[in-house]
1. Given (i) 27, 19, 13; (ii) 19, 16, 13; (iii) 24, 17, 13, which label gives semi-axes √(5λ) of the Cα gyration tensor in Å as computed from the coordinates?
2. Testing the spin-label approximation: label points 7 Å from Cα along Cα→Cβ at T102 and H60. State their distance in nm.
3. How do the peptides 38-46, 64-72 rank, highest first, by the average count of neighbouring beta carbon atoms within 10 Å per residue?
4. If the reach is capped at under 16 angstrom between alpha carbons, list the aspartates and glutamates near K32, excluding any in the same chain fewer than eight residues apart.
5. Cα centroids of the stretch 1-30 and the stretch 87-105: how far apart, whole angstrom?
6. If you take the beta carbon distance between S88 and E46 as r and set R0 to 35 Å, what does 1/(1 + (r/R0)^6) give as a FRET efficiency, to the nearest 0.05?
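Bear in mind that the values in this text are calculations on the coordinates, not laboratory data. Model, not experiment: these values are computed from the prediction. Glycine gets a Cβ as well: all are built from the backbone with ideal geometry, and neighbour counts include every protein chain shown.
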Amino acid sequence: MKIAIPTADGKLNLHFGHCRAFSIIEVDDQTKQITGSEEIPAPKHEPGVLPRFLGEIGVHMIIAGGMGMSAQNLFKAQGIEVVIGAPSKTPEELVTDYLAGTLESGVNVCDH
């Protein structure tokens with residue numbers, strides 16, 4: 001499973017569409033352990049580009065601080081699960097918390 005996290009300075013970028021990079025964390029579905037990670041530059045922000053881009057590289061889930069409803073729907077149409085309201089932690093901390101069932105999601109910081 002691949003989980004994408006929008007990042008800035010090594011931590012979650014709270015505004016999904018404004019990130020410059022994504023951390024892609026690979027997880028073994030059986031063991032629930034992180035098996036790899038890489039940071040990739042984000043493509044230019046235009047409507048519909050990010051869902052297609054992340055779908056093409058095999059992302060299954062996004063952990064984000066904030067994301068507009070229309071973007072959430074575009075990701076869901078690509079079969080990508082979206083978790084919003086995550087705190088500004090490192091990608092590894094967020095994925096570890098998610099896998100342990102302790103990821104605290106709060107308010108969606110994006111209202112469009």
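1. Given (i) 27, 19, 13; (ii) 19, 16, 13; (iii) 24, 17, 13, the structure-derived one carries the label (ii).
2. Between T102 and H60, the simple spin-label model gives 2.2 nm.
3. 64-72, 38-46
4. By straight Cα distance, K32 reaches E92, E93, D97.
5. Rounded to whole Å, the Cα centres lie 11 Å apart.
6. For R0 = 35 Å, the calculated efficiency reads 0.90.
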